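This report concerns only the one structure given below.
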Amino acid sequence: MRVAKALLGSGLQPGMHCAIYSLNSAWAIIVTLGIIRAGGIWLPVNSRNSEADNIATLAQLGCDVLFYQGQFADAAAAVASQNPGFFVSVCLDEQASNVEVAAGNASKTYSSVELHNWLRAAPEVAVSVKREPADILAIPMTGGTTGRAKGVLLSDRNFRALSYGMCDQLVREEGAATYLCAMPLTHVGGRIVLSALPSGARFIIHAGFDAQALLNSIAHEQVTDLFLPPTAIYTLLAQSNVHAFDYSSLRALSYGAAPISVTQLRKALEVFGPVMRGLFGQTECPMMISALTQQDHYVDGAIASDKRLQSVGRASILSELAILDEQGRKLPASQCGEIAVKGDMVCEGYYQNSAETQQTRVNGWHLTGDIGYLDNEGFLFIVDRKKDMIISGGFNVYSAEVEFAITRIKGVAAAAVIGVPSEHWGEEVVAFVTLEPGTSIDEKSVVDFCKEAIGQVKAPKSVEFVQDLPVTKLGKIDKRLLRGLLLEHLK
């Protein structure tokens, strides 16, 4: 409430844009709540992105208020130079000072204030902002893995739905949850925290992902819930002392944001216990499109088949799912098409981009851009991003199917599959593979295994063995980077 009063006392008007340039911290969460309470719109900024990208993002969205940690003071000054209108700057952890910055053809004094001094000077003003369901609370950016990043309009309606879903997960007879946040609060981590607050959960905030610190926290803080992308889970499993910690407090280790290796998922079930929970969501409809629950990972008391573990689960308590053809018609079970969703967690659209919004809406459905199918039990399977589908020799090749086949080979740690131009095939399948330590596998073995498992058309034409697969700041395999590097190599 003090943050909201200080914002209103500084001249904030409802609908103004407020960013937080910070690593994970309790103050980042408190300030976010103050922004929303005062009627502002939260602009999440991932400090792990390049400074140039973040400055460009805040120039694109317009920034009226900036909270920042002292280590990002230079970036804060650059943001001020890009936003010459109403601008309030608050440093979260250091004594701030005046800085001269360029603003267009002129210069101005950029004045910043330290958080606690700013709060102490806040006037006693009434905080009576009311939100309508369609009022925008946050504008996160899409990942930009298949094109230019877009601002996503998340509303009061969206967050109310997400809160309902999180309370359904976290309110348990044994007491309030303890949620560990190690992933950026500017993305899934922050949306989870804001949505889970009404559940009464306690939060443990890590500045960033550190495998040993995280494993220690689970044991010492009696963590019940956390979310990690697959790459972070792989790092945990690779720790030499991963078996030395007590995981008995865990109720749900949720994973998502990218496909998970079934081999690694089986290891996680053996190490952490029956707590793995798969989530499918996207910035446009966060976290809860579908879920593979803890129970879904087992059949008759044993770990489920590889096929089941490939699934991203069934529709969540918030969503309705369908698979649509190119004309927007529903497809029957087991037929591939574009995954579509309805529900109150679906965003209001894209910031200043009504044309893009209309392209993702068909007959009341939101088009996710993912290709997949529903089986007869309602389990959803994602086979590719629509823009990443490979057409080789006139046949559709879905990267997820090829990646799954490769990761079944003993000694393979992870795989990523892309399509590259081919004079003969139109496109041909190329696989990037990382191996487990001490393992030796050659290209022919991988290709031959895939030919046997999924057929010659879908088998990779070539295999690149790499030490690590490049990932985005959010832990997703960066296929655009892989494609660019390979095409550059082929020139």
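Quick notes on this structure:
- Residue in the stretch 34-43 that is surrounded by 16 or more Cβ atoms within 10 Å (Cβ to Cβ), under 20 Å from ALA78 (Cβ atoms) and out of contact with any helix residue (DSSP H, G or I) (no Cβ under 6 Å at 6 or more places or on another chain) present: no
- Qualifying positions in the stretch 245-300 - charged (D, E, K, R) and in a loop (DSSP other than H, G, I, E, B): ASP246, ARG251, GLU284, ASP300
- When each of PHE379, PHE404, PHE395 is tested for being over 21 Å from the mean Cα position of the chain (by Cα), modelled with pLDDT under 90 and surrounded by 14 or more Cβ atoms within 10 Å (Cβ to Cβ), the lone residue that passes is PHE404.
- Residue within the stretch 441-462 that is assigned to a strand (DSSP E or B), at negative phi and β-branched (Val, Ile, Thr) present: no
- Lone unmet requirement of (1) in contact (Cβ under 8 Å) with a residue 60 or more places away in the chain; (2) surrounded by fewer than 17 Cβ atoms within 10 Å (Cβ to Cβ); (3) among the hydroxyl-bearing types (Ser, Thr, Tyr) for THR472: (2)
- Residue check for VAL420: at pLDDT below 90 and farther than 30 Å from LEU292 by Cα: yes
Residues are listed down the side, and each one gets a yes or a no for (1) within 19 Å of the chain's Cα centre (by Cα); (2) closer than 30 Å to SER354 by Cβ; (3) modelled with pLDDT of 95 or more; (4) assigned by TED's automatic domain parsing to the domain that holds ARG37:
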{"position": "VAL171", "(1), (2), (3), (4)": "no, no, no, no"}
{"position": "ALA177", "(1), (2), (3), (4)": "no, no, yes, no"}
{"position": "ALA182", "(1), (2), (3), (4)": "yes, no, no, no"}
{"position": "HIS187", "(1), (2), (3), (4)": "yes, yes, no, no"}
{"position": "ARG191", "(1), (2), (3), (4)": "yes, yes, no, no"}
{"position": "GLN222", "(1), (2), (3), (4)": "no, no, yes, no"}
{"position": "THR235", "(1), (2), (3), (4)": "yes, no, no, no"}
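Residue-by-condition table, conditions (1) surrounded by fewer than 20 Cβ atoms within 10 Å (Cβ to Cβ); (2) over 22 Å from the mean Cα position of the chain (by Cα); (3) within 24 Å of ALA134 (Cβ to Cβ):
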| position | (1), (2), (3) |
| --- | --- |
| GLN13 | yes, yes, yes |
| CYS18 | no, no, yes |
| TYR21 | no, no, no |
| ALA28 | no, no, no |
| ASP64 | no, yes, yes |
| GLN69 | no, yes, no |
| ASP74 | yes, yes, no |
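- Residue list for the stretch 340-378, filter: touching a helix residue (DSSP H, G or I) at 6+ places or on another chain (Cβ under 7 Å) and farther than 26 Å from MET141 by Cα: none
- From SER249, SER290, SER305, residue being assigned by TED's automatic domain parsing to the domain that holds TYR179, among the hydroxyl-bearing types (Ser, Thr, Tyr) and crowded, with 19+ Cβ neighbours inside 10 Å: SER290
Results for (1) crowded, with 16+ Cβ neighbours inside 10 Å; (2) touching a residue at least 12 places away in the same chain (Cβ under 8 Å), shown as yes or no for each residue.
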{"residue": "ARG385", "(1), (2)": "yes, yes"}
{"residue": "ILE390", "(1), (2)": "yes, yes"}
{"residue": "VAL420", "(1), (2)": "yes, yes"}
{"residue": "ALA431", "(1), (2)": "yes, yes"}
{"residue": "PRO437", "(1), (2)": "no, no"}
{"residue": "SER445", "(1), (2)": "no, yes"}
{"residue": "PHE449", "(1), (2)": "yes, yes"}
{"residue": "ASP478", "(1), (2)": "yes, yes"}
{"residue": "GLY484", "(1), (2)": "no, no"}
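The values are calculated or read from the model by the stated rules, or taken from the named source; none is laboratory data. Please read these numbers as outputs of a predicted model, since none were measured by experiment. Neighbour counts run over all protein chains shown; Cβ positions are idealised from the backbone, glycine included.
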